[in-house]
Each structure stands twice: as C-alpha cells, then as structure tokens.
1. Please state which of the following conditions B:THR177 fails to meet, knowing it meets all the rest: (1) within 14 Å of chain A (Cβ to nearest Cβ); (2) within 17 Å of the chain's Cα centre (by Cα); (3) not in a helix (DSSP H, G or I).
2. The conditions are (1) assigned to a loop (DSSP other than H, G, I, E, B); (2) at pLDDT below 95, and A:PHE103 fails exactly one of them. Which is it?
3. In region B:287-329, what residues are at pLDDT below 75 and more than 30 Å from A:LEU106 (Cβ to Cβ)?
4. Take A:GLN122 and tell me if it is outside any helix (DSSP H, G or I) and at the interface with chain B (Cβ under 7 Å from one of its Cβ atoms).
5. Can A:ASP189 be described as within 12 Å of chain B (Cβ to nearest Cβ), crowded, with 21+ Cβ neighbours inside 10 Å and under 15 Å from B:GLY202 (Cβ atoms)?
6. Restricting attention to region A:236-268, and to residues there that are of a type in the set (Ser, Thr, Tyr) and farther than 18 Å from A:VAL58 by Cα, which single residue is surrounded by the fewest Cβ atoms within 10 Å (Cβ to Cβ)?
7. Applying the selection to region B:137-164, what residues are loosely packed, with under 12 Cβ neighbours inside 10 Å and hydroxyl-bearing (Ser, Thr, Tyr)?
8. I'd like to verify a number: residues in region A:60-82 that are of a type outside the set (D, E, K, R), under 21 Å from A:PRO14 (Cα atoms) and surrounded by 17 or more Cβ atoms within 10 Å (Cβ to Cβ), how many?
Amino acid sequence: METGLSMAATPTTPPLLRLEDCTLRFGGLTAVSGLTAEIGETDLVGLIGPNGAGKTTVFNLITGVYRPAAGRIEFGGQSIAGKKPCQITARGIARTFQNIRLFGSLNVFDNVRVAFHLHLWQGLGHAVWRGPGFLREEKEIAGQVMEMLEIFQLQKYRDAPAAGLPYGEQRRLEIARALATRPKLLLLDEPAAGMNPTEKAELMKLIRFVEEKYKIAVLLVEHDMQVVMGICRRIIVLDYGVKIAEGTPEEVRANPKVIEAYLGRPAA
Amino acid sequence: MNGTGHNPPRMLERIFRPKIILLAVLAGAGLLACFAGQFGRYYTGLLTKVGINIILAVSLNLINGYTGQFSLGHAGFMGVGAYTAAAITLFIGPNLLPVAGAAYYHWAAWGLFGAALLAGGLAAAVAGVVVGLPSLRLKGDYLAIATLGFGEIFRVIFCNIKSLGGGLGLNGIPRYTNLFWVYVTAAVCIYVVVAMVHSTYGRGFLAVRDDEVAAEAMGLNPTRYKMAAFVTGAFFAGIAGGLYGHDIRAIDPNGFGFMRSFDIVVMVILGGMGNTPGVIAAAIVLTLLPEWLRPVAEYRMVIYSLLLIVLMLTRPQGLFTWRRKWKQV
C-alpha cells in the first residue's frame, strides 16, 4: 500500500474519534493508561501490541462496555464516555468480536436483519397490526438484507443458522451485520484470527473494499503483522496499556521500542 | 430484489402467517362455542382448562422461550389477574348490573366480564413492570429465583388482604367464562406473540436470547426487549387468571403458588422453548394427560411425573421440536 502513505497526513477537520488521556484500571492493574489517539473520517488504523497489551480493552472503552476512570472519549465532537453500548452504536460505532458473537440460532438473513434495528420505523405495535407501512418496511429491509448478503457472498447461506456456518463465513457475516447498523466507524477485533493465508488475503481485500464502498473509518486490532502492515495506513502500538509508538507501517516497523516490546531487549 | 435471480426470502411468506393463524383459531373458537352445549359439563370444563393453559404457556413462552429470560413467577401474574377480575365482577357487578335492567342484563354481564378481564390483564401487566424492573437485571438462575420469590410475595399478599377473603380466597364468582371467551383470548394471545416475534423489530427478542452483548452492540436495548416480553406475558397471564376464576368460581391464594408456575414452565420446556406450535401442543397434552391417567387412580401423579422424566431424558430439546439440520452448503 504505497499509495496509502500519502493519505496518512493529519486530518484538518476535527477527528471522528478522539481519545484523550484515557485510563482504565481493574483493581490494582492499569489496563489502559493515559491513552491519547485520534481517528479521522476515512482512516484505516491498526491497533497492535503484544498479548495483554490492552487492545481489546481499548475497544471495550470505545464501545461503552467499560467506562474510563479518567480521560475523555469524543465521537463526532461529543463525549461518549459512560454511554450505554446501544447508545454508542446508535451514534455510529459498530464492532465485531474477537470470539465471534453471532446470533447462533437465528439464520443468516435474520442476523443481518436484526442489525437494521436502529433505522426502523416500526415498533411492536406495528408488528401486531401489520398495516401497509409495516409490510412496506419489511419488504424494503428484506431487499437491503439480501443486497448486503450478496455483497458479502453469503446469499446462499440465507436460511442456514449462523452457528452452522464455516468459520470464514461467520467472520464475514459478523462484518456484514456490523455494517448493517450503518456506522461511521467500524471496529474489527482480530478479524484474521484463526484464518489460513488464503482467507487472510481475502479478508484484506474485503476490508479495503468495505472502506472504499462505505467510506467509513476502520480501526482494527490484529495480531497478524502481514494483515496489519498490508492494509493499515497508520498503526498505534500499545504495550502494558501505554501507547509506545504511532506512525506508518514503515515507521512502526523500524521503531526500536516496538521491536523491544515484541522481541525483548537485545542481549548486551 | 427483482431480477437478482434468487427466491424471495422466507420472511415475506411468514408475514402473512400470523393473520391466518388468528383467523383459523377464531373460527375454531366460534365453532367450539356453537357446539359447547353438546359436550357436557365434563368435556366443557376440560376444554376450558386446555384453553386457559394454552394462553398461559404461549405467553410464558414469549418470556422464557423467545427472550430467554427464565421466569418462574407466571402464576403470580395469573393470580393478580384472577383477583382483579373477580373483585370487579363480585363487588362492582351487583351494583351495576341491576341498573342495566332485565332486558339488557345479559349484555351488561358480557361487557362487565370483558372489562374485568381487561382490568385483570392490565393489573398483571403493571405487576409485570414492578417485578421486571428490579429482577430483569439478573440472569439465568438468579432471575429464576427472583421471579419465584415475587410469585410467592403475591401469594402471601393475597393471603393477608381481608377484603379479598384472606387465605380462604373469593367464593361465588359468577360463571361467566365459556369456551368462546377462552378460545378468542387464546387466539389473540397466539396471534400477538407470533406477530411480534415475526417482525424485524421482534427478531430482537431472539437476538437478546442468543447473545445479549452482541445484541447491545447492534444498537438493541436488551432491557427494553426484556420488559416488553415480561409485560406482554404478564398481561395475558392476567387475562388467563380472570378466565380461570370465572370458570371454577372460587379462587384462593394457594392456587397461584409456584407449583402452578412450574406446571406452565414444564409446558414451555416440553413444547420446545420458542416453538409456539409445540408449546400449544404440550399445553394440550399435559392438561389431558392427568385425565387419561384417571383410571389408575392413586398412581396417576407418579406415572405423570415419570413420564415427564422420561420425556426430558429422551427429548430434552422439547417434545415437539424437530431441530432442522444445520444446512451445510
């Protein structure tokens, strides 16, 4: 991604997401400490770090699973710290999970359909009455869901329960489901975990495609360096909850602090 | 969707199904009511019991089955409805009905009963809010115990209200319940539950059951869904209670204890959680089974219990659930 480098310039408009001096403690352990980071409107940022560095915790902070002990989290200029996860999703942050969390007993179609929830006109009353407005909306949603499934090549699994899908397809369905909430920022938590090289290559293509088609910002946590270095325009490196480096893939790769965090100090 | 070459999603067909179910059951209820006179006391009573149990099981299935919130307090809501409805017909009825005059007495009684049932349902729904707000923060076993506790609280409250007869309960409730009322209510209950669940909004109930964390990350508010299920379930349980009271004509607090809740839970589990036709079938079978076992007299409940154990061992997914094979394409 040589072309990506030139776009890594700092955005002039206020950033989409801003973490300012965020700290989170679990008892005596400081999982995230004084983290400051920004994500622009069409950024593709990677968040990396050794095991236990606090990457998923950062995700959970952004999505409202945890509330920061100190610091601010702003999305689109408004503070979202302490809001409920569903309220944060409503503002435009969608996520996938490290351990896939699909609605296992629902079929593929319904998994995506549920994610249209935020943009529904109908309520339970409409569902019981089943007037023309309700039927029209259901038809519209069905069309949009099928469109989504086709984009992600999942249409042939439409009626299969999500729990029965092959692993790679489950990952793809999770991304499709997250996109159905129409987010401005998509958080991907280790999307390449457990994938073989072919699947990884496909995933990289998919993430690039999503970013271009939907014009959204993507933040991904990933262990696989090939994936991260291959698609991210900017990388943030965490170690023990502290940001130790930030920059383009090349800058990060050459950073001695990063090498030390991953491989240890060179022998004297 | 046009011209893309795939079949329309199954969902579109499902949209029209609840209305067909409603019409079919309404027609059935009408037919039953027409022939009610020919069944005799015993069978009429039995069919009434079956209908009431269908309402209870289907409404509990919305909470336990579709939304996955294990409640053991359904009989409590039934009790609230039964007492409210009975109090209205017993205390307000005698003052109100003579005013209507002899010519309209019949119609006034009908209207009074309908209003009493509705009031019973609404009272139970309010009780559902009161119970649901604190206890729906809990999950799994803890929720089951909390709802069990609330069910017992209702029972103890009835025991101690002197004006509602205390431990002896209310007697001499007019017999207003007939097959028509029971099966129309059952039809409406089934329709409402099925229609709610078969909608994009209503799929949220199942999403909350499958994975609450993921549901919340998709922008759903799990608390709102749980409350909706709880209140709707309680509403229909309250109406079922009203029907029950005006059928057996005497209610007492012990009729709404946790054993009663347990009977309803067994119907839901045996029918298959979240499988409405299965739950209806289980409600019918489990109501009739003790009757079929009457000839063996004192061994009746032993055999009934053994049957339940065998069924749970052999078909834990529910007697009437045929799990679709995971379709591997």
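1. Here B:THR177 meets the rest and fails (1).
2. (2)
3. Listed by number, the list holds a single entry, B:ALA297.
4. yes
5. Considered against the rule, which asks whether it is within 12 Å of chain B (Cβ to nearest Cβ), crowded, with 21+ Cβ neighbours inside 10 Å and under 15 Å from B:GLY202 (Cβ atoms), A:ASP189 comes out as no.
6. Out of the qualifying residues, it is A:TYR262.
7. Result: B:SER163, single match.
8. Of the residues in region A:60-82, the ones of a type outside the set (D, E, K, R) are A:60-66, A:68-71, A:73, A:75-82.
So of that shortlist, the ones also under 21 Å from A:PRO14 (Cα atoms) come out as A:61-63, A:71, A:73, A:75-81.
From the residues that got through so far, the ones that are surrounded by 17 or more Cβ atoms within 10 Å (Cβ to Cβ) too are A:61-63, A:71, A:73, A:75, A:80-81.
Summing the residues that are of a type outside the set (D, E, K, R), under 21 Å from A:PRO14 (Cα atoms) and surrounded by 17 or more Cβ atoms within 10 Å (Cβ to Cβ) in region A:60-82 gives 8.
The values are calculated or read from the model by the stated rules, or taken from the named source; none is laboratory data. It should be emphasised that the depicted structure is a prediction, and the values quoted were computed from it without experimental measurement. Quick reminder, even Gly has a Cβ in these numbers, built from the backbone with ideal geometry, and neighbours come from all protein chains shown.
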